[in-house]
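Input: a single structure, listed below in structure tokens.
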Ligand SMILES: Nc1ncnc2c1ncn2[C@@H]1O[C@H](COP(=O)(O)OP(=O)(O)OP(=O)(O)O)[C@@H](O)[C@H]1O
Ligand SMILES: [Mg+2]
């Protein structure tokens, strides 16, 4: 595998009972790239992200993050599941931002951002605090660090969630519809933070219906339908002249 490929998924298949949620999904993302995944409800977008960070176990196929096989180790021709500790170590390298912020309600914005590095990575508190304050300032919340989630708007909570993911210094961040639970007027403040993050070189996989964001920020766009990766291409090409008629139909439907 070439050095700058940070995520590689090969024939990832996920079944829920008899139902095939992911059907031989392939994707490659280079370091520093932003890939937006689009597609109708139920097409497997969240399931795919959840396989990348091991919230779901795939049935077959393989995913590499940073040249490391996710969830398994290879010995000769055999694959063995890795230990829980190794799985936890791998998962720490992948940040995740959810549709519904998932902040700890009993912790301030600053405490939420500091929690992972202090409790999980066991980093020195003073160092983490400094980094967390800088990150909260970067997402425009310098004056809200002592606020609890209930005292923040949805857009502000999502910006805290992004700062929290960044504070772990992950290799990549997965976003699952990060703006779709927000009031329309709060969407752009979150997209602006994501745009800044992309410009700083963070590798990002973003499931989104915000085609404007995809057009302006993504390097590649992937269209999924019914568990299949229908089409992947440079953002400008896929969004303006998709090869598959299904992609074209979907894009048209989202726009209208
Ligand atoms: N735990 C589960 N058990 C059974 N079926 C599931 C489970 N999780 C997901 N599915 C099914 O797998 C399919 C893909 O779901 P997924 O959540 O990945 O879709 P999605 O593309 O993220 O959709 P949306 O845009 O609505 O978020 C759906 O048909 C869903 O019902
Ligand atoms: Mg989803």
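Read-outs: derived from the displayed coordinates by stated rules, not from any lab. Everything numeric here is computed off the predicted structure, so don't read it as measured data. Methodologically, a virtual Cβ is constructed for each residue, glycine included, from the backbone with ideal geometry; neighbour enumeration extends over all protein chains shown.
The table that follows gives values for the structure above.
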quantity	calculated
Distance between modelled label sites at residue 59 and residue 86, nm, 7 Å Cα→Cβ extension	2.5
Gain in span if fully extended, residue 209 to residue 102, counting 0.36 nm per residue against the direct Cα distance	36.5 nm
Rounded to 5, percent antiparallel among DSSP beta bridges of segment 101-256	55
Cut-off 12 Å (backbone N to label point 7 Å along Cα→Cβ of residue 13), residues of segment 36-80	59-62
For the chain, alpha-carbon Rg and Dmax in angstrom	18.3, 55
Peptide ranges 114-125, 190-201 listed from the most packed, as the mean C-beta count within 10 angstrom indicates	190-201, 114-125
Fewest-first sequence of 48, 16, 101 by Cβ atoms within 10 Å of each Cβ	16, 101, 48
Separation of alpha-carbon centers, segment 212-256 and segment 85-124, rounded to whole Å	32
Cα-projected label distance for residue 244 with residue 195, points at 7 Å along beta-carbon direction, nm	2.9
